[in-house]
Structures are given as C-alpha cells and as structure tokens.
Amino acid sequence: MAALKDNDQRNTSILKELDQMKALLSRIQRQGMPPAQLHLPPSLLELYGDLVANDVEPLVALRLCEYAQRALVDQDGDAAADVVDAERARLFLRRVIADFIPVAPPIQLDPGKMRVAALVGPTGVGKTTTLAKLAAYAQLHLKQKVALLTLDTYRMAAVDQLQQYAQILQVPLHVALTVEDLRSALRFYQDRALVLIDTPGHSPKDTETLGQLRGLLDELPEVETHLVMSATTKPRDLAEIAVRYEPLKPTRLLFTKLDETSTYGPILSTLVRVKRPLSYLGTGQEVPEALELATSRRVADLILPAAVKEAP
Ligand SMILES: Nc1nc2c(ncn2[C@@H]2O[C@H](COP(=O)(O)OP(=O)(O)O)[C@@H](O)[C@H]2O)c(=O)[nH]1
Ligand SMILES: [Mg+2]
C-alpha cells in the first residue's frame, strides 16, 4: 500500500510538470516557435539532437535538456556543467526523462472484489489483442477468475475474434447491447476478480457511436478505462485521438505496437498532452507474451537509449 501511495504522490508531481509543459506547448502553437535558446553544453546539445531524431517534439526535448543541465549544475557547479562528458550528460538526461513518465501500477486484483477495466481507442490499435493478453495473464499466471464483456457488436468478426480467445482461455464472454444488459452482466460476474471490457473502435467522424459508448461507460462507477493507442500512429493523429477520447475520461494510457516503430518520441508528447499514467505496453502479436507493465525506466530507455558501448 505504501508503495502505491508513493506512486500516487510521484504521479501528482509529474502531472504538475506535464501541465506546465502542456501550457507551454499550446502557447507555442498559438504564437509560433520562439528562437531556440540553445545555451546547452555540447554534450547535451548532441543529446537534444538524438531526442529530436527520435521524434520528441523540439520544445519538449529542449525542456528536458534544460532540466538535465540544471541538475548537472547543481551537482558540479557552473564551470563543470560546460564541459560535462557525454556519458554523464546522457545518464542525467535519462534520469530526467524517467522522472517525467507517470506510470500506473498493474490492474489491482483482490480476491472478493471485482475489478473492471475497459479498453477504448481507435480501430485496429490492438484493443482486442491486448484484452486477450491481460485476460490470459490474469487467468493463467495469477490464477484469478476472469470474465470478458464486449460492447463491440458492430462487426460480427469482432465478436468471433474475442470468442476464440474466450474459448482458448475457457473464460465466459458476454456481448452487451444495452445499459441494462451491461449492468446485469456485471452483477452476474460478481464472483470474478477481473472483468475486461472490449469496445468498438471509431473512425474520426463517428461521434455517434463514441457518444453511445460514453453513455455505457458512464454507468460503471469503478471502471479503469485504458485509452489504447498505437506507437505507429503519426504524432498529429495521436494528439487528435487524445482530444477525441477525452469525454470517455480515460484513467490510463496504453501503447501497443512498440515493435513496429523505431521512434518513440510521440509517446512522450502524448503523455504531455493526456497527462494520464501509462499502464501497459504491447510489443507484438503474441498472446499473452507480448505485453509489459510500463515502467518509467523502460520508457526512458526507448526515448533515449543508454550509450552503446563501442566494440574494442
Ligand atoms: N506488431 C504488433 N501487432 C499488434 C500488437 N497489438 C495488436 N496487434 C495486431 O494489430 C491487429 C489489430 O488488433 P486488434 O486487437 O484486432 O485491434 P482492435 O481493432 O483495436 O481491437 C491484429 O493483427 C493484432 O495482432 C502489438 O503490440 N504489436
Ligand atoms: Mg477489436
């Protein structure tokens, strides 16, 4: 419990920092980019380039480098910060980045209390696959009783796909069409430790089904809603998705398809915009192996890898 509380406090302070950065970003969107004040020492300037090459927004990259510079000055004094060696600068910057990543604990499972988690997000990002990964992990690894619910009734194929996973895992699957349906299914599943809810994706123009989904999720008092996004999505589209799904009040952010991209900066920008802790990371199509619990360290590794030691 103490660890959870620490995590909450840590996230509160990270979210405050992200708030400031978000305000800065929107000011720049209105007023245009200020002349970059790159008063960074050469080692940090080079790392700034690495971040931007990894598709971190230039302003976010600059901010992070300035934080690292300040940390270096605090430790070494003004003069030393100018000549800081590349490896140390990288170490400091990696720490600063890790301190910027809010992460969520794994979905909490207590025997005797039903937890409900819903996955929402655009079509094809991997909601159903991730749901199957989470279900398999809870059922097979944690030996907890799981049930699946789907609100994705628009396409038969979507139900079939989930039905197959349900059969393999031998967990019940219920297709809910209405609010009453959803409520009675949840009452029926009271003895389950985890109920996972799959939802349909939406095309950007489809505000109607999004509204219906919102109506259904609003009925659930204690649902953890994970907004699922693909790491392969263009940064601009990620920003738009974040806005579009805001009415569903996602409590977590979940990124999939990390294996299908080589630039991870957009994850950081999305965190700045959405300001929700990261829950899980999808790293492939394999169920259930290709799922990790997000950690700040792991995300920092993606944003700025540790220096590659050159072969002697
Ligand atoms: N490479 C890769 N593929 C994934 C990942 N997650 C899901 N997929 C694939 O993405 C496709 C769409 O997944 P699906 O779960 O049906 O997406 P949904 O429409 O959001 O439910 C499928 O082919 C999945 O196997 C991932 O982390 N990495
Ligand atoms: Mg699906």
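The values are calculated or read from the model by the stated rules, or taken from the named source; none is laboratory data. If you're wondering where the values come from, they're calculated on a predicted model, not measured in any experiment. Ideal geometry is used to build each Cβ from the backbone, glycine not excepted, and the neighbour counts take in all protein chains shown.
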> Quick one: how many residues across the range 118-137 are closer than 13 Å to V287 by Cβ and of a type outside the set (D, E, K, R)?
Replying inline: 10
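Okay, residues lined up against (1) under 18 Å from the mean Cα position of the chain (by Cα); (2) basic (K, R); (3) modelled with pLDDT under 85:
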{"position": "A3", "(1), (2), (3)": "no, no, yes"}
{"position": "R10", "(1), (2), (3)": "yes, yes, no"}
{"position": "S13", "(1), (2), (3)": "yes, no, no"}
{"position": "Q20", "(1), (2), (3)": "no, no, yes"}
{"position": "R27", "(1), (2), (3)": "no, yes, yes"}
{"position": "M33", "(1), (2), (3)": "no, no, yes"}
{"position": "L38", "(1), (2), (3)": "no, no, yes"}
{"position": "L44", "(1), (2), (3)": "no, no, no"}
{"position": "L47", "(1), (2), (3)": "no, no, no"}
> Restricting to the range 177-198, what's the tally of residues that are in contact with a Ser or Thr (Cβ under 7 Å, 6 or more places away or on another chain) and part of a loop (DSSP other than H, G, I, E, B)?
Replying inline: 1
> Of all the residues that make up the range 204-232, how many are within 12 Å of ligand 1 (Cβ to nearest atom) and outside any strand (DSSP E or B)?
Replying inline: 2
>> Against the conditions (1) part of a helix (DSSP H, G or I); (2) touching a residue at least 60 places away in the same chain (Cβ under 8 Å); (3) within 16 Å of ligand 2 (Cβ to nearest atom), where does L268 fall short? Just the number, please.
In response: (3)
> In the range 148-167, which residues are out of contact with any helix residue (DSSP H, G or I) (no Cβ under 8 Å at 6 or more places or on another chain) and either of a type in the set (S, T, N, Q) or away from ligand 2 (no atom under 16 Å from the Cβ) (or both)?
Replying inline: Q163, Q164, Q167
> Do any residues in the range 105-133 that are within 16 Å of ligand 2 (Cβ to nearest atom) have Cβ atoms under 6 Å from those of residues that are among the small types (G, A, S), where the two are at least six apart or on different chains, and which pairs are they?
Replying inline: P122/G201; T123/G201; V125/S230; G126/G282; K127/G121; T130/G282
> Can you name the helices (runs of 4 or more DSSP H) wholly within the range 69-165 that have at least 3 residues being outside the structural domain of S269 (by TED's automatic domain parsing) and away from ligand 1 (no atom under 16 Å from the Cβ)?
Replying inline: 78-82, 86-100
>> Being within 16 Å of ligand 1 (Cβ to nearest atom) and surrounded by fewer than 19 Cβ atoms within 10 Å (Cβ to Cβ) is the filter here; which residues of the range 191-203 pass it?
In response: S203
> How many of the residues in the range 276-300 are more than 12 Å from ligand 1 (Cβ to nearest atom) and in contact (Cβ under 8 Å) with a residue 60 or more places away in the chain?
Replying inline: 11
> Among (1) under 25 Å from the mean Cα position of the chain (by Cα); (2) away from ligand 1 (no atom under 14 Å from the Cβ); (3) surrounded by fewer than 15 Cβ atoms within 10 Å (Cβ to Cβ), which single condition is F188 missing?
Replying inline: (1)
